[in-house]
Amino acid sequence: MTNPYVPLLILLALGFGFAALSVGTSLVVGPKRYNRAKAEAYECGIQPTPRAQGGGRVPIKYFLTAMLFIIFDVESVFLYPFAVAFNQLGLFALVEMVLFIITVFVAYAYVWKRGGLEWD
Amino acid sequence: MSALPAFEAVAVDYWAVAPMLVVVAGALLGVLVEAFAPRESRHSAQVALTVGTLVAAFGVLVWRSVNHHSVTFGGSVAVDGPALFLQGALLVMSSVAVLVMAERFGGVGGDAFTPMGASTPGSSQEAAAAKAGYATSEVFPLTLFAVFGMMIFVSANDLITMFVGLEVLSLPLYVMTGLARRRRLLSQEAALKYFLLGAFSSAFFLFGAALIYGFAGSTDLAKIQSAIAQGTTGMDGLLVPGVLLLIIGLLFKVGAVPFHMWTPDAYQGAPTPVTGFMAACTKVAAFGAILRLVYVGVEGSRWDWRLGIAAIAILTMVVGAVLSVTQTDVKRLLAYSSIAHAGFILVGVLAFSKAAVSGVMFYLVAYGFATIAAFAIISMVRQGGSEASHLSQWAGLGKRHPVVAAVFSLLLLAFAGIPLTSGFTAKFAAFAPAVTSGGTAGVLMVIVGVLASAVTAYVYVRIIVLMYFTAAPEAGEGEEVVALMPSIGTTVAITVGVLATILLGIWPGWALDLAGRAAQFML
Amino acid sequence: MGDAAVTIGTGEQVMFWILAPIAVMASLGLVFARKAVHAALGMALTMIILGVFYIAQGADFLGVIQIFVYTGAVMMLFLFVIMLIGVDASDSLIETLKGQRWAAGLLVLGLGGILVSAVGSVTYGLSDGVAQTNTSKGNVPAMAELIFGRYVWVFEVTSALLITAALGAMVLAHRERLGKGPNQREWSRRRFEKGENLAGLPVPGVYARHNAVDTPALLPDGSISELSVSRVLSAREQTRSPLADLEAEDAIRAEIESGSER
C-alpha cells in the first residue's frame, strides 16, 4: 500500500521545481539592462520613506480584522469534520452546528453594527 | 463501514444544564442589545437583562435542576450536589455583584468603567467620549459569559470540559480588568499581567491534563479514578506530576502562594466592582473545580501529593497574612487577605471528607458575600473624584460617615473570623474537618491557620481603629474624603452582603445543613 | 497500517531525526531571539514541524489543523500584534528584579529535572489506537463523532469563547467615531463659507513634463505653489524642484527662437 502522502510530496517537489525553473530560466535567458529608475520602488518617482509613520507601527484596526478572521477560522475547523461525517451524524449534529453558527454570528452582528468593519 | 456501531447522539438532561443555558442565552441577548439598542438605553437595558437572566437561571436551578442530579453529555458534565450548590451560590453572588457594577453615581454609564476602552488614557478623545455619553456596557454580557464559564467549571467532569470552562471564565475577566475609568494605565497593566499569568497557568493545566491522559487513557474524571484504583503497569510515573500540574493550574486562579503574583496587581488595577466579582466568584468556581478534581478524579492517589499541597496551603496562609500587614492600599490589602483566605479554604479541601466539602462550600459563600459588599464600599469612598484607596485616606471616616464605616468594620470583622460573623462559622466549618480527618498535617495546618487569622485580625482591627480613632488630616474645600450616596442597586448589594454576614454568623444551621446535604459528589 | 504504528518505519525515523532538531532549535530561537519577529518566525517553524509530526503519526486532522489554524491564523495574529508594537521593537536587557534570571533558571532546571525523571521512568506500551481508528472509522469521522457526541457541550461552549474574543477585541481596540463625520456637501459648504481656494487646491506638476504629485506647480510669476503638493511630502522633503524643468523649457524656447531667426 503506497503512502497517501506520496502524491502530495510529488506535487510539492513539482511546485518547488517549477518555481526554481522559472526563476532560473529568466535569469539565464532574460535581457539585463539596468538603470537607476528600475531599481526604485515606485516608478512614478516617489521615494519610499526611509521610516514608516509612527515607527513602523500599524494601526490597531488591523487587529480587529485579524481577530474576526481567527474566529471564523476556528469555526471552519469544526465545520470540516461536521461536513465530512455529515451522513453519519444525523439531525442532532445539524441542529448543534446551526446553533453554533448562529451564536458566532451574534458576535459578527455586534462587530458589524458597532462599526468594527468600517475603515475610515 | 456497516459493521461499525452507528453514531448515536448523547443523552442530554436538559433540565440539569438549564441554568447554564439560561445564562448563555442572556449573554447572547446582551451582545445583541449592544449591537442594536440605542446608546442611551443600553445601560438600563443591560442591567435589567443581566440581573433578570441571573435571577431566572437561579429560579430554574431551584425549580427544576435540583431534582435532576445527573452526569450528562456522555459523562463530560456532572450536575450533582456540589455543582448545583456552587452554581446557585455563583448565580446569587454574581447578581449582587452586577448590581454594584451598575452603579452610576449620576453619570451616564457604569461609574467604574471607562467610557471608551480603546481611547488613549488621559487623551482628549477619552474626555470627549465621556462627554458624549459613551459607556462600556459590554461589561454586562462579559460578566454573564464569565458566570457561564464558572458554572461550567464547577460542573466539569472531564478535563477538557474543565479547560474550556476555565478559558470561558477567564477571558471576560481579563478584558474587564482593563476597563477601569480611573487610573487607566494601572488598570491596563493589571489586565496584561493577569492575562499573561492566566495563560501561563492554563498551560500548566494542559500539561497536567496531557500527562494524566497518558496515565489513564482518558480525560474523564470517572475513568481517571478507576485507572488509579486499578493501577496501570509502568505508567505510574505520569500520575503524580500530572496531578500536581493540574492542581497548580487551578491554584493559580485562587491565588495560592507561590502562584499569587498576579493577585494584588489585578485586584488593585481592576474596576473595584469587578474586583469584588472576581474575588468572590472566581474563588467559588476555582475551588469548585479543585474539589471535584481532587475528590472525584484523583482522590485515590492523594497520599502521593497531599503533603505538597499542604505545604502550599501553609505557605499561602503565612504569606497572605504577613504581607497584608505591610499594605497601604485598601484594595491590595484585601487582595492579600483573599490570598490568606485561599489558604484557609485549602486547609478544608485537604481534609478529604464529606464534611470538608460542605465546610469549604460554606466558606466560599460566606467569604463571597462579604467580599462583594466590601469592594462595593471601597468603590463609594472618594477623594476629589477618584477612589480613596490609600489607607491614610480612610482616617476618621467613622466620624463623617458612621454607617459606611460601621458596615465596613463588620465586614472586616467577618474577614478576621470574629465570632457571631459568618467568617467565624466559615473558618470553623473549614477547619473542623481538617482536625478530625486530616491527620497530623491537618492539625498542623489548622494551627498555622489560626495563627495567620490572628495576624490578619490585627490588620483589620488596625483599619477599624484608623476609621474611628484617628483624626482625618485637614483637607481643603472639595478635597475631603467622602462616601458617595449609593444608588438603590449598590445599597441592596451591600445590604445583602451584611445580612448574609450576620445571618451566617448567628444562624448558620440552615446553610450548613444545605451545604451538608449537597456535599455528595456523583460519578 | 496496523503494523506501521507499532514499529516505526525507517522513513518516519529519518524524518524525525531531521525535523526534531530543527524544531528544537526553532523553539530555542523563540525563547532567545531578541527581535519579536525572529521569535515569531521560530515559533511558526516549530508549529509547522509539529503539524508534520502529527500527520506522520496518523493524526491527519490534527496535523492539518495545526498548520491551518496555528501556523496560518494564530501566527498571523501574532505577526499583527508585532506590527502593532512596531517591527523594530526588541527586548529590553535591563533586569528589573536583580538575580531573577538566575533564580528562574534554577527553578526551571529543578522542575524540568523532576518532570524528566518522573516521565522518563515510565515504560510506554505500544499503542496503535490511532491506526485502529484510522482504518475502522477514518480519522476525521471519528473526530466528528467525538465532537458531536461526548464533547458536544464543550463544542457549543467554544462559541462563547469566540464571542468573548470578538467582544474583547472590540472593547479594547475599536475606537468608535465620536459624532458623525462631515459629508461631501458639508465639506464644500465649509469651503465656500471660508472663501479660500474656492476652485480647489492647485494641482501639482508643470506643463506636460511632470504631473507626479511630488512636483509643485508653478504660479504665473514663476514662483512655486506650496499648496499644490501634499504637506506630508514637503515635511519629508520629498518634493522635486520644478526649476530643472524651467531650465529645460528655457532651452527649448531658446532653440525655437534661434530656429525662427534662421
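Answer yes if at least one residue in the range B:55-75 is over 24 Å from B:ALA279 (Cβ atoms), buried (at least 24 other Cβ atoms within 10 Å of the Cβ) and over 23 Å from the mean Cα position of the chain (by Cα), and no otherwise.
Yes, the conditions are met somewhere in the range B:55-75.
Starting from residues that are more than 27 Å from the chain's Cα centre (by Cα) and part of a helix (DSSP H, G or I), keep the ones in the range B:460-482 and report whichever is nearest to B:GLY385 (Cα to Cα).
Looking at the filtered set, the residue picked out is B:MET467.
Regarding A:ILE102, is this residue surrounded by fewer than 17 Cβ atoms within 10 Å (Cβ to Cβ) and of a type in the set (A, V, I, L, M)?
For A:ILE102, the condition - surrounded by fewer than 17 Cβ atoms within 10 Å (Cβ to Cβ) and of a type in the set (A, V, I, L, M) - is met.
Condition first: surrounded by fewer than 11 Cβ atoms within 10 Å (Cβ to Cβ), more than 17 Å from A:TYR80 (Cβ to Cβ) and in contact with a helix residue (DSSP H, G or I) (Cβ under 7 Å, 6 or more places away or on another chain). Can you find one or more residues in the range C:118-130 that meet it?
yes
I'm told C:ALA254 meets every condition in (1) surrounded by fewer than 10 Cβ atoms within 10 Å (Cβ to Cβ); (2) more than 30 Å from A:GLY115 (Cβ to Cβ) except one. Can you identify the failing condition by its number?
Unmet for C:ALA254, out of (1) surrounded by fewer than 10 Cβ atoms within 10 Å (Cβ to Cβ); (2) more than 30 Å from A:GLY115 (Cβ to Cβ): (1).
Give the residues of the range B:180-193 that are out of contact with any Pro (no Cβ under 6 Å at 6 or more places or on another chain) and buried (at least 21 other Cβ atoms within 10 Å of the Cβ), sorted by residue number.
Hits for the range B:180-193 are B:ARG181, B:SER187, B:ALA190, B:ALA191.
Do we have any residue at all in the range B:332-346 that's among the aliphatic types (A, V, I, L, M), out of contact with any strand residue (DSSP E or B) (no Cβ under 8 Å at 6 or more places or on another chain), closer than 22 Å to B:ASN157 by Cα and buried (at least 24 other Cβ atoms within 10 Å of the Cβ)?
Checked against the condition, which is being among the aliphatic types (A, V, I, L, M), out of contact with any strand residue (DSSP E or B) (no Cβ under 8 Å at 6 or more places or on another chain), closer than 22 Å to B:ASN157 by Cα and buried (at least 24 other Cβ atoms within 10 Å of the Cβ), the range B:332-346 yields at least one hit.
Scan (1) over 22 Å from the mean Cα position of the chain (by Cα); (2) modelled with pLDDT under 85; (3) within 8 Å of another protein chain (Cβ to nearest Cβ); (4) farther than 30 Å from C:THR215 by Cβ for the single condition A:PHE82 breaks and write down its number.
Of (1) over 22 Å from the mean Cα position of the chain (by Cα); (2) modelled with pLDDT under 85; (3) within 8 Å of another protein chain (Cβ to nearest Cβ); (4) farther than 30 Å from C:THR215 by Cβ, only one is false for A:PHE82: (2).
Residue by residue, here is whether (1) within 11 Å of chain A (Cβ to nearest Cβ); (2) within 27 Å of C:VAL140 (Cα to Cα); (3) surrounded by 19 or more Cβ atoms within 10 Å (Cβ to Cβ) holds:
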| site | (1), (2), (3) |
| --- | --- |
| C:LEU41 | no, no, no |
| C:GLN57 | no, yes, no |
| C:LEU62 | yes, yes, no |
| C:VAL69 | yes, yes, no |
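Just to be sure before I move on: is B:ALA27 within 14 Å of chain A (Cβ to nearest Cβ), surrounded by fewer than 24 Cβ atoms within 10 Å (Cβ to Cβ) and not aromatic (Phe, Trp, Tyr) in the structure I sent?
no
Scanning for something in contact with a Cys (Cβ under 9 Å, 6 or more places away or on another chain) and within 10 Å of another protein chain (Cβ to nearest Cβ), does the range B:127-147 turn up at least one residue?
yes
Counting only residues that are within 13 Å of chain C (Cβ to nearest Cβ), among the aliphatic types (A, V, I, L, M), out of contact with any Pro (no Cβ under 8 Å at 6 or more places or on another chain) and closer than 17 Å to B:GLY308 by Cβ, how many does the range B:194-246 have?
Of the residues in the range B:194-246, 7 are within 13 Å of chain C (Cβ to nearest Cβ), among the aliphatic types (A, V, I, L, M), out of contact with any Pro (no Cβ under 8 Å at 6 or more places or on another chain) and closer than 17 Å to B:GLY308 by Cβ.
Considering only residues that are of a type in the set (Val, Ile, Thr) and at the interface with chain C (Cβ under 9 Å from one of its Cβ atoms), look in the range B:148-164 and name the one that is surrounded by the fewest Cβ atoms within 10 Å (Cβ to Cβ). First the steps, then the outcome.
Our first condition is that a residue be of a type in the set (Val, Ile, Thr); within the range B:148-164, this holds for B:152, B:154, B:160-161, B:164.
Checking the rest, the ones that are also at the interface with chain C (Cβ under 9 Å from one of its Cβ atoms) come to B:152, B:160-161, B:164.
Values: B:ILE152: 30, B:ILE160: 18, B:THR161: 26, B:VAL164: 25.
Once the filter is applied, the top-ranked residue is B:ILE160.
Report the residue count in the range B:193-225 for those that are of a type in the set (Gly, Ala, Ser), modelled with pLDDT under 90 and part of a helix (DSSP H, G or I).
Residues that pass the stated criteria total 2.
I'd like the full set of residues that are farther than 21 Å from B:VAL92 by Cα and surrounded by 24 or more Cβ atoms within 10 Å (Cβ to Cβ), limited to the range B:351-374.
Within the range B:351-374, B:ALA351, B:ALA356 meet the criteria.
So if I check each of C:VAL87, C:VAL119, C:VAL108, C:VAL74, which one is in a loop (DSSP other than H, G, I, E, B) and either at pLDDT 80 or above or within 31 Å of the chain's Cα centre (by Cα) (or both)?
Just a single option satisfies the conditions, and that option is C:VAL87.
Return the only residue of A:GLY56, A:GLY45 being closer than 30 Å to C:ALA36 by Cβ, at the interface with chain C (Cβ under 8 Å from one of its Cβ atoms) and at pLDDT below 75.
Details: A:GLY45 fails: closer than 30 Å to C:ALA36 by Cβ.
A:GLY56 is the lone residue from the list that is closer than 30 Å to C:ALA36 by Cβ, at the interface with chain C (Cβ under 8 Å from one of its Cβ atoms) and at pLDDT below 75.
One residue is enough: does the range B:205-221 have a residue meeting the conditions in contact with a strand residue (DSSP E or B) (Cβ under 9 Å, 6 or more places away or on another chain) and over 26 Å from C:LEU111 (Cα atoms)? Let's see the steps before the verdict.
Of the range B:205-221, the ones in contact with a strand residue (DSSP E or B) (Cβ under 9 Å, 6 or more places away or on another chain) are B:218-221.
If we keep only those that are over 26 Å from C:LEU111 (Cα atoms) too, we end up with B:220.
Yes: one or more hits.
From the list B:ALA432, B:ALA457, B:ALA515, which residue is closer than 30 Å to B:ALA222 by Cα, at pLDDT 90 or above, surrounded by fewer than 22 Cβ atoms within 10 Å (Cβ to Cβ) and under 24 Å from the mean Cα position of the chain (by Cα)?
Matching residue, one of B:ALA432, B:ALA457, B:ALA515: B:ALA432.
Can you name the condition, by its number, that C:ILE94 falls short on among (1) more than 11 Å from chain B (Cβ to nearest Cβ); (2) modelled with pLDDT under 80; (3) under 26 Å from C:VAL52 (Cα atoms)?
Against the list (1) more than 11 Å from chain B (Cβ to nearest Cβ); (2) modelled with pLDDT under 80; (3) under 26 Å from C:VAL52 (Cα atoms), C:ILE94 comes up short only on (3).
If I ask for residues that are without any contact (Cβ under 8 Å) to a residue 24 or more places away in the chain and in a helix (DSSP H, G or I), which ones from the range B:131-166 would you list?
If the condition is that a residue be without any contact (Cβ under 8 Å) to a residue 24 or more places away in the chain and in a helix (DSSP H, G or I), then B:LYS131, B:VAL164 are the ones that fit.
Being at the interface with chain A (Cβ under 7 Å from one of its Cβ atoms), buried (at least 20 other Cβ atoms within 10 Å of the Cβ) and either outside any loop (DSSP other than H, G, I, E, B) or under 35 Å from the mean Cα position of the chain (by Cα) (or both) is true for just one of C:GLU176, C:GLU145. Which residue is that?
After applying the criteria, what remains is C:GLU145.
Can you find a residue that is in contact (Cβ under 8 Å) with a residue 24 or more places away in the chain, of a type in the set (Ser, Thr, Tyr) and closer than 17 Å to B:TYR367 by Cβ anywhere in the range B:255-267?
Yes; the residues of the range B:255-267 include at least one that is in contact (Cβ under 8 Å) with a residue 24 or more places away in the chain, of a type in the set (Ser, Thr, Tyr) and closer than 17 Å to B:TYR367 by Cβ.
Just to be sure, is B:VAL51 crowded, with 19+ Cβ neighbours inside 10 Å, within 14 Å of another protein chain (Cβ to nearest Cβ) and either among the hydrophobic types (A, V, I, L, M, F, W, C) or without any contact (Cβ under 8 Å) to a residue 12 or more places away in the chain (or both)?
On the way: crowded, with 19+ Cβ neighbours inside 10 Å: yes; within 14 Å of another protein chain (Cβ to nearest Cβ): no; either among the hydrophobic types (A, V, I, L, M, F, W, C) or without any contact (Cβ under 8 Å) to a residue 12 or more places away in the chain (or both): yes.
When the stated conditions are applied, B:VAL51 does not pass them.
Could you pull out the residue among C:LEU201, C:LEU246 that is surrounded by 13 or more Cβ atoms within 10 Å (Cβ to Cβ), in a helix (DSSP H, G or I), more than 32 Å from the chain's Cα centre (by Cα) and away from chain A (no Cβ under 14 Å)?
Working: C:LEU201 fails: in a helix (DSSP H, G or I).
None of the other options fit; the residue is C:LEU246.
If we keep just the residues of the range B:375-406 that are closer than 20 Å to B:ALA280 by Cβ and not hydrophobic (A, V, I, L, M, F, W, C), which is surrounded by the most Cβ atoms within 10 Å (Cβ to Cβ)?
Once the filter is applied, the top-ranked residue is B:SER379.
Would you check if B:VAL33 is under 29 Å from B:VAL77 (Cα atoms) and aliphatic (A, V, I, L, M)? It would help to see each step written out before you state the result.
Values: under 29 Å from B:VAL77 (Cα atoms): no; aliphatic (A, V, I, L, M): yes.
Answer is no for this residue.
The values are calculated or read from the model by the stated rules, or taken from the named source; none is laboratory data. Keep in mind that what you see is a predicted model, and the values were worked out from it rather than measured. Methodologically, a virtual Cβ is constructed for each residue, glycine included, from the backbone with ideal geometry; neighbour enumeration extends over all protein chains shown.
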